[in-house]
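Reviewing the structure listed below.
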Amino acid sequence: MAHLRSSRTSRSRRLALAMPLGVVLAAAVGFAPGVATAAPLDAPGSTTARAADTAAAAKLAYVVNTRTDAKTIAAVKKAIAKADGTVVVTYKKIGVIVAHSANPDFGKQLRAVRGVHSAGATRTAPLTPAATTQEGAPTFLSKAQQRAAKEQASKEQGKSLPQGAASGKGAAPAQEPLEADQWDLRSIGADKAAKINPGSKKVTVGVIDTGVDDTHPDLAPNFSAKQSASCVGGKADTSAGAWRPAKPDHYHGTHVAGEIAAARNNVGVAGVAPGVQVAGIKVADPVSELFFPESVVCAFVFAADNGIEITNNSYYVDPWLYNCKDDPDQRAILDAVNRAQLYAQKKGTLNLASAGNSNHDLDADEIVDTSSPDDSTPVTRTIDPHKCLDVPAQLPGVVTVSATGVYNAKSYYSTYGNGVVDIAAPGGDRRYQLPTDTPSKDGGILSTMPGGQYAWLQGTSMASPHAAGVAALLKSTHPKAGPAELQRLLKRQADNPGCPTKPYDPDGDGKVDAVCKGDKNRNGFYGHGIVDALDAVKK
């Protein structure tokens, strides 16, 4: 099951309801390029040994991270072949090679090769189809509800027009037919912002996700096919429609895309930035819906090389919820994905990621992870979140987004952490924060779904695209701003409610469910504050 930051869940926890680059990387996440991993890491019980035991001679995928000079890359490719591996794709600019091998010692052999900084398996199960599971489901808006909402919106539009005036065929209404249920837009002033600046067509937000259904009537007007692709397996496929979901129930990316840029076209819902373009970069495995590292590496590089200004990442990279630097495979995953996202930053792309739905404190001394690896048999482990990172959320330069509900309180499921969370945005809370002034009274986020449908979801998966939409409005207002300046502006326009004055106990059972640390300038629940779309277009 995909590890998305939405209402979809899996197994034991999850979603409540997502200088040379090598030198930069070393400074950013504490690697030591050029130093081979010590032999004890391959001892019995390690990730590599376990993969070898369970997969036997089955083929696994690997990332091999090297220096970027042509001589080193050529030598490493030869070493890959010598170790019974095959090269899938080489990203020369960042020194990342994706390879497949059935050799259980492949990672160990490659780590000993001169010029290799890190190498490891990107999964613990063989390259074979896996089953899917789903706990819970989205709440769909029925066709009857859609018709009723559209009729009501038409009546309201008629009332708002001056006497004797006509709306005109195709004229954009003051409010979209389903917008009355979009409390999230009003909570950050996105409805008012759209009247001032809906966003520029010169700005594109790349949705790195399960795929985007660009045929949806709310997405088609703003979809950029030329900046879309499938990166499943680690190599970009730009053929027509490759970016679309593999299955109807791979709806996550389509929902996210609508939150960002659903057009104001008198059809259904509206996005935070209804005037910008949105692109789909599919990374979800077509069967398991997992987001493997090689696919995510491809996505960041593709986004950077195709002029995408902002990416939204509402997931964590499978199979590890947290990737620990002292494990050779997880270290290689950290290295590869970080190189790719740093490359994107260098090329002018701002990357945003959801914080997660485990209600974990990413600034805690330790966290118990019971879900990893998620592609085979999870093993309970205690990790230090300062040394074992949620990827891409905790990578340097990535904007980490927590979730809030209709009352601007932290959503009960949202992961948090002082010094880790950068910004907060509406992600919904269908348990403890329910609106009283919307037709549905649903505390989730209403957005687009494949096949022209609409549904409510909740999660930090929904928070991150709201922040990405505001970032797109900022880029539209400040077209020359690069990733660092955009991030500064995003934090500056945010409204910070500060830590709660009372203990955080949303279920009222007398037990404190999370502790907010920090002040009104920056804290663990909201980072620098909740995004403000209206301020983004006015300041």
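The values are calculated or read from the model by the stated rules, or taken from the named source; none is laboratory data. Owing to the predicted nature of the structure, the values given are computational and were not obtained by experimental measurement. Cβ atoms come from the backbone with ideal geometry, glycine included; neighbour counts cover every protein chain shown. Areas reflect the complete protein model, heavy atoms only, side chains present, ligands, DNA and RNA absent. Shrake-Rupley method; radii C 1.70, N 1.55, O 1.52, S 1.80 Å.
Looking at residue 291, is it touching a Cys at 6+ places or on another chain (Cβ under 7 Å) and either within 20 Å of residue 118 (Cβ to Cβ) or crowded, with 24+ Cβ neighbours inside 10 Å (or both)?
No, not satisfied.
Return a yes/no flag: does segment 126-136 have any residue that is modelled with pLDDT of 85 or more and either surrounded by 14 or more Cβ atoms within 10 Å (Cβ to Cβ) or closer than 28 Å to residue 453 by Cα (or both).
Yes, some residue in segment 126-136 is modelled with pLDDT of 85 or more and either surrounded by 14 or more Cβ atoms within 10 Å (Cβ to Cβ) or closer than 28 Å to residue 453 by Cα (or both).
Among the listed residues 472, 468, 463, 481, identify the single one that is part of a loop (DSSP other than H, G, I, E, B), within 19 Å of residue 398 (Cα to Cα), modelled with pLDDT of 95 or more and out of contact with any Phe, Trp or Tyr (no Cβ under 9 Å at 6 or more places or on another chain).
481
Sort out which residues of segment 268-284 are buried (at least 22 other Cβ atoms within 10 Å of the Cβ) and either modelled with pLDDT under 95 or under 18 Å from residue 195 (Cβ atoms) (or both), and write them in order of number.
Selection gives 269, 270, 271, 272, 273, 274, 276.
Name the residue, out of 372, 376, that is of a type in the set (Ser, Thr, Tyr), under 19 Å from residue 5 (Cβ atoms) and not in a helix (DSSP H, G or I).
372
Picking from 235, 247, which residue would you name as being among the basic types (Lys, Arg) and at pLDDT 95 or above?
235
When residues of segment 46-73 are filtered for being part of a loop (DSSP other than H, G, I, E, B) and at pLDDT below 50, how many remain?
The number of residues fulfilling the criteria is 2.
Looking at segment 389-414 only, could you name the residues that are among the small types (Gly, Ala, Ser) and surrounded by fewer than 24 Cβ atoms within 10 Å (Cβ to Cβ)?
Selection gives 397, 409.
Looking at (1) under 20 Å from residue 307 (Cβ atoms); (2) open to solvent by less than 30 Å² (accessible area, probe 1.4 Å); (3) assigned to a loop (DSSP other than H, G, I, E, B), can you tell me which one residue 213 breaks?
Condition not satisfied by residue 213: (1).
Could you grab the pairs with beta carbons closer than 6 Å, sequence gap of 6+ or different chains, first residue in segment 225-254 and more than 19 Å from residue 277 (Cα to Cα), second one open to solvent by 50 Å² or more (accessible area, probe 1.4 Å) and at pLDDT below 95?
Pairs found: 246/286.
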